[in-house]
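What follows is a set of notes on a single structure, which appears directly below.
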Amino acid sequence: MEEVKIWIVENPAVYKILKYVVLVIIVLLLTQFLRRFLRKNIEDTKVRYRSQKGIEIIGYLILITFSFFYFTGNVKDFSLAIGLFSAGIAFTLQELILSIAGSLYIFVVKVYKPGDRIEINGIKGDVLDIDSIYTTIMEVGQWVGSDNYSGRIVKLSNAFVFKVPIYNYSQDFPFIWDEFNLPIRYGSDVELAKSIVIKIASEILSEYTADSKSQWNDVVNKYYIEDAIVDPTLAISMTDNWIEFNLRYIVDYKKRRYTKSILNDKIYKEFEKTNGKVIFASTTLELIKIPPLKVDINK
């Protein structure tokens, strides 16, 4: 131990580095202690999460500032050190720097937050966590149909917020428009079919419609956008094979598949009760004329 002490004293650069490492470890341990303290003593999930992220960001800022002052020695050389340091790492650590900047941008601008459903870089899912480098997402879709979880947890670099569009399904307006088509056979009672579809849609979607109206008013007041129709609408078009009903409606972004299933089931049962007045159509072929056939029995 005495030899180690003598060696450290004779090499001031080594001593300075060891002292720096010890101080950095102390700052990191203190940051982790404060994070755990907040996690145990704050009951509100939202406040707890934000306070922990705030402590983490403050810790990183303290380390960066401390590192500059420690190695430059005085405030006078601080600006010069920033320039040299930035030039040295700008190229080699540009992705890391962009990720950290992205995390600050997400936190300050509120691009998205834990619990939001987003789509970024072709990956859709619910945000589980946002740290200083990665955004963690529970994936939705891919080989699983509709809006079900696939079971995969995806980590995306926060740098993507500066590179690709971000689709947020729940920020400001947690509803989406959905639609599906109903083929009705020619000769059916179209007016009866229309009244059935609109009645069922209005009943099932009444809660979503009422909630979305107040939410949409907030969106109109916040952004430059025209008012939109949130009540269920039905459009009719003629095709070669049937009369096509297109039902368009608004629904909670997490209940799209479930709501569509209920609507289809209710509409089918009501159509069955019409005793043939309204019939679903399917692709049919009609033979207009059979060409003459000549058969030689002798051969």
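The values are calculated or read from the model by the stated rules, or taken from the named source; none is laboratory data. Please read these numbers as outputs of a predicted model, since none were measured by experiment. Using ideal geometry, Cβ is built from the backbone for each residue, glycine included, and neighbour counts are taken over all protein chains shown. Heads up: the accessible areas ignore ligands, DNA and RNA and are worked out on the full protein's heavy atoms, side chains in. Shrake-Rupley method; radii C 1.70, N 1.55, O 1.52, S 1.80 Å.
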Using unit Cβ charges (K, R positive; D, E negative) and no other charged atoms, how large, in debye to the nearest 20, is the dipole of the range 195-266 about its Cα centre? 280
Express in % the proportion of alpha carbon pairs of the range 198-278 at distances exceeding 22 Å. 38
From the backbone phi of the range 194-209, what are the Karplus-calculated ³J(HN,Hα) couplings (6.51 cos²θ - 1.76 cosθ + 1.60, θ = phi - 60°) in whole Hz, Gly and Pro given as x? 4, 5, 5, 5, 5, 4, 5, 4, 5, 5, 6, 9, 4, 5, 4, 5
Roll a 1.4 angstrom probe over the protein heavy atoms and tell me the percent of accessible area of the range 199-299 that is carbon or sulfur. 51
Over the Cα atoms of the range 100-203 the radius of gyration and the largest Cα-Cα distance (Dmax), both in Å, equal 19.5, 64
Sequence-distant residues sharing a close amide H with Ala281 (under 5 Å, placed H): Ile184, Arg185
GluC sites (Glu not before Pro) restricted to the range 218-296 and DSSP loop, no more than 12 other C-beta within 10 Å: Glu226, Glu286
Kirkwood Rh over alpha-carbon pairs of the range 171-220, then Stokes-Einstein at 20 °C and 1.002 mPa s: what D in µm² s⁻¹, rounded to an integer? 163
Of the chymotrypsin sites (Phe, Trp or Tyr not before Pro) in the range 150-235, which ones lie in a loop per DSSP and count no more than 10 other C-beta atoms within 10 Å? Tyr223, Tyr224
For Ile42, distant residues with modelled amide H under 5 Å away: none
Residue-wise HN-Hα coupling along the range 110-118, computed from phi with Karplus coefficients 6.51, -1.76, 1.60 (Hz; x: Gly, Pro): 6, 4, 7, 9, x, x, 6, 9, 10
